[in-house]
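Working notes for the structure below.
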Ligand code: SF4
């Protein structure tokens with residue numbers, strides 16, 4: 001029998017469309033994809049990443065050898081603060097080389113060590129490390145970003161008490177009980193919750209009237 005959360009996710013898939021599970025699985029490529037763009041649509045991020053792949057390549061040594069102006073042009077495709085993102089791409093490449101050049105080897109290490117190494121990369125905290133471990137099909141964490149976390153909390157999974165990390169853990173634990181412990185369904189959950197938080201269940205003024213979950217949403221029942 002389907003859990004309540006799985007039914008919610010099915011309703012969101014009906015509303016927003018079934019998300020495409022991304023094909024990038026390599027941990028270093030996942031880090032590059034995060035850093036090549038900033039605050040842009042998924043399409044624009046994909047475009048910037050595609051340009052990086054085609055013009056430079058996605059191996060650490062190729063990034064380090066690439067001319068600065070080429071990296072800058074690519075970063076400009078990915079939105080604001082391009083120079084800072086070029087620096088981040090180079091720092092990520094330097095760190096990957098320090099780790100032996102192939103981060104896939106790190107993912108074969110015990111989970112705690114893999115997480116510790118991933119967190120050395122700029123901008124990768126616990127949620128980011130869990131996302132890489134999930135999307136590289138290494139470990140089925142129910143990784144969440146801020147939009148997805150907000151949706152789950154409003155739906156009554158976890159508690160808003162305490163700091164972000166505490167809220168994250170509580171929502172992850174509560175929701176994790178209702179989603180099969182496997183990478184594909186948890187990637188789907190991550191993507192659907194994120195999209196719902198970006199479009200209808202926005203931080204201020206969520207559009208509950210247009211949401212298929214409104215009848216069973218405690219936040220909507222309380223008047224938002
Ligand atoms: S009913 Fe409103 S608060 Fe609840 S999930 Fe939908 S948009 Fe978010």
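Every number in this text was worked out from the coordinates using simple rules, so none of it is lab data. Bear in mind that the values here come from a model prediction, so they are computed numbers and not experimental data. Cβ coordinates were reconstructed from backbone atoms using ideal geometry, including for glycine residues, and neighbour counts include every protein chain displayed.
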At R0 = 30 Å, FRET efficiency that the Cβ-Cβ distance of residue 137 and residue 94 yields, to 0.05: 0.70
Separation in nanometres of the label points that stand 7 Å from Cα toward Cβ, at residue 40 and residue 62: 1.8
Crossing angle, helix 164-176 versus the chain [Cα axis fit, 0-90 degrees, rounded to tens]: 70
Stokes-Einstein translational diffusion, the chain - Kirkwood Rh over all Cα pairs, 0.890 mPa s, 25 °C, in µm²/s: 132
Most mobile listed residue (136, 41, 204) in the chain, GNM with C-alpha springs under 10 Å: 204
Full-extension gain in nm, residue 120 to residue 222, via 0.36 nm per residue minus C-alpha separation: 32.6 nm
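Using only helices, what value at 222 nm comes out for the chain when you add -39,500 (n - 2.57) per DSSP H run of length 4 or more and divide by the total residues, to the nearest 500 deg cm²/dmol?
Calculated from helices alone, the mean residue ellipticity at 222 nm is -17500 deg cm²/dmol.
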FRET efficiency, residue 164 to residue 15 (Cβ-Cβ, R0 25 Å, nearest 0.05): 0.40
Length added when fully stretched, residue 205-residue 102, from 0.36 nm per residue minus Cα-Cα: 32.7 nm
